[in-house]
Amino acid sequence: LYAVNQNEELSNQIYERALKGFEGLLNEINEDKFIKSYCSYRLGKHYLYGMGTEIDYQKAYEYFKQSDNLYAQYSLGVMYQRGLGVTQSDAIALEWFELSADGGNAYGNYEVARHYDYGIGREKNETLAESHYQKAYHSFSRMIKKQEDDNLLYRLGMMTLKGKGCEKDIDKAIVYLEKAVSLKNENAKLLLAQLYLEEDDYENIPRAMKWLEESESQLAYYILGKEYYSGEHIEKDIEKAIHYLSLCDDNEYAFYKLSQIYEEIKNHDLSLHYLKMAGDKQFEPALIKMAQLLIEGKRIEKDIDKAINYLKTAESNNNQFAQYILGKLFLFGKDVKQDKELAVEYLQKSVQQGNEYAQYLLEHM
């Protein structure tokens, strides 16, 4: 409660007392396995988050390992997921999340679902993902009836919005998210802001823009930059667009958008600078654009080998445009050694994804 009320000194004093209390209990209790396990979990949490003590990932890890508490198992998953004091490993993180989920931990179920949904640490499996999403969603729904919590409301809103573990329902999602916003949840503000902009909800767009401008997140900067550039919901302002996008220091979408803006205002050097930054992060549209510039040899020095390397990087992710350009290069043999067999291979891959230009080339070889 003191932490919520931002009385940091008092909250830290109470955390220190709690820490000493759990340490005392753990040293005194020799036979009660439940209490020992619970105390070990709570001590691990104190050291993981620096509650009443300095952060010490090694101690946190050791205490969590001593516990068979579901939340201790979940916490070990978090440590491996983020590489906190251990070698980062999505596969090991998933093992701990699964162990926690098997015991009925809703948060464990959610993480397991997310891993299978996006293929993190394991191959994608939609059936398993949906099964765990449903378990998490039902548990979160029961938990929220007992006590309203901003993070739970945010999770329920996000899952309802995307149809994860439940039927997709935008109106119901908005109710959850608005409640989370009323409890000062910053993630809910960002998600609602995106939703109101995507849905062209002009009544709520001023609120959305206010939330975004108050935020200091990279995502908010990117959305603001994109909005000021497009002028779809607010007055277009290129300077503000550049300002906000430039605040994104690790966002390939922002780099690519800056490249487009600088190209539009004829600043070719900065356009190329941000295009390279996006390409360095393996952003496929940037890789293809760089390849095209290298093939043309107008704005930058012609370099077919480098262009092919960019295209092959994009093609490795099954990008149909990269496949089409590679097929065209090897089909006509201009600037590269002609290889019709390889050209057909690339073009057929592109055709399978619906590329009509690749289809035309194959039909008229």
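The values are calculated or read from the model by the stated rules, or taken from the named source; none is laboratory data. Just so we're clear, the structure is a prediction, and the values are computed from it rather than from any experiment. Glycine gets a Cβ as well: all are built from the backbone with ideal geometry, and neighbour counts include every protein chain shown. In case anyone asks, the SASA skips ligands and DNA or RNA and just uses the protein heavy atoms, side chains included. Shrake-Rupley method; radii C 1.70, N 1.55, O 1.52, S 1.80 Å.
Looking at the range 173-293, the accessible area is 51 square angstrom per residue; that uses a 1.4 Å probe and ignores ligands, DNA and RNA.
Compute a Gaussian network model of the chain, connecting alpha carbons closer than 10 Å, and tell me which residue from Asp68, Asp303, Asp169 fluctuates the most. Checking each option, the largest mean-square fluctuation is seen for Asp303.
I need the trypsin sites (Lys or Arg not before Pro) found in the range 46-145, filtered to DSSP loop residues with at most 16 other beta carbons within 10 Å of theirs. Hits after loop and neighbour filter: Arg122, Lys124.
Hey, any idea what % of the chain's accessible area is carbon plus sulfur with a 1.4 Å probe?
Working: 9450 of 20720 Å².
Answer for the chain: carbon and sulfur cover 46 percent of the accessible area.
Derived scalar couplings between HN and Hα for the range 342-350 equal 5, 4, 4, 4, 5, 5, 5, 4, 5 Hz in order, rounded to whole Hz, by the Karplus curve 6.51 cos²θ - 1.76 cosθ + 1.60 (θ = phi - 60°), x for Gly and Pro. Both the radius of gyration and Dmax for the range 320-365 are 9.2, 27 Å, in that order, over alpha-carbon atoms. Zone of Val86 (label point 7 Å along Cα→Cβ, backbone N under 15 Å): which residues in the range 112-156? It comes to 112, 121, nothing else.
Take the Cα radius of gyration of the range 222-365 and divide it by 2.2 N^0.38 Å, N being the number of residues; the result is 1.18.
Against the empirical 2.2 N^0.38 Å scaling, what ratio does the C-alpha Rg of the range 220-303 come to?
Details: Rg = 13.0 Å, N = 84, 2.2 N^0.38 = 11.8 Å.
Taking N as the residue count of the range 220-303, the ratio is 1.10.
When the P(r) of the range 1-149 is calculated, the portion above 20 Å amounts to 56% of the C-alpha pairs. Applied to the range 247-261, the Karplus parametrisation 6.51 cos²θ - 1.76 cosθ + 1.60 on θ = phi - 60° returns per-residue 3J(HN,Hα) values of 6, 7, 9, 8, 9, 5, 5, 5, 4, 5, 5, 4, 4, 5, 5 Hz, with x for Gly and Pro. As an equivalent ellipsoid, the chain spans semi-axes of 47, 27, 21 angstrom, where each value is the square root of five times an eigenvalue of the C-alpha gyration tensor, largest first. For the range 62-199, the calculated P(r) over all alpha carbon pairs, in 10 Å bins from 0 to the bin holding the longest distance, is 13, 37, 36, 14, 1 percent.
Enter the Cα centre distance for the pair the range 286-330 and the range 85-136, rounded to the nearest angstrom. The two parts, judged by their Cα centres, are 37 Å apart. Derived scalar couplings between HN and Hα for the range 45-56 equal 5, 4, 7, 5, 9, x, 8, x, 6, 6, 4, 9 Hz in order, rounded to whole Hz, by the Karplus curve 6.51 cos²θ - 1.76 cosθ + 1.60 (θ = phi - 60°), x for Gly and Pro. Say we join alpha carbon atoms closer than 10 Å with springs in a Gaussian network model of the chain; which of Gln292, Gln352, Gln194 then has the biggest fluctuation? Between Gln292, Gln352, Gln194, it is Gln352 that shows the largest mean-square fluctuation.
A Gaussian network model of the chain, with springs between Cα atoms under 10 Å, assigns the largest mean-square fluctuation among Leu152, Leu311, Leu191 to Leu311. One chain, two ends: Ile29 and Glu123. Fully extended at 0.36 nm per residue, the span grows by 29.5 nm beyond their Cα-Cα distance. Only helices enter this figure: runs of n ≥ 4 DSSP H residues, each worth -39500 (n - 2.57), summed and divided by the residues of the chain, yield -23000 deg cm²/dmol at 222 nm to the nearest 500. Of the GluC sites (Glu not before Pro) in the range 1-90, the ones in a loop by DSSP (not H, G, I, E or B) with at most 12 other beta carbons within 10 Å are Glu31, Glu54.
If eta is 1.567 mPa s and T is 4 °C, what Stokes-Einstein diffusion coefficient results for the range 47-131, Kirkwood Rh from Cα pairs, in µm²/s?
Working: Rh = 12.9 Å.
Roughly 100 µm²/s, to the nearest whole number.
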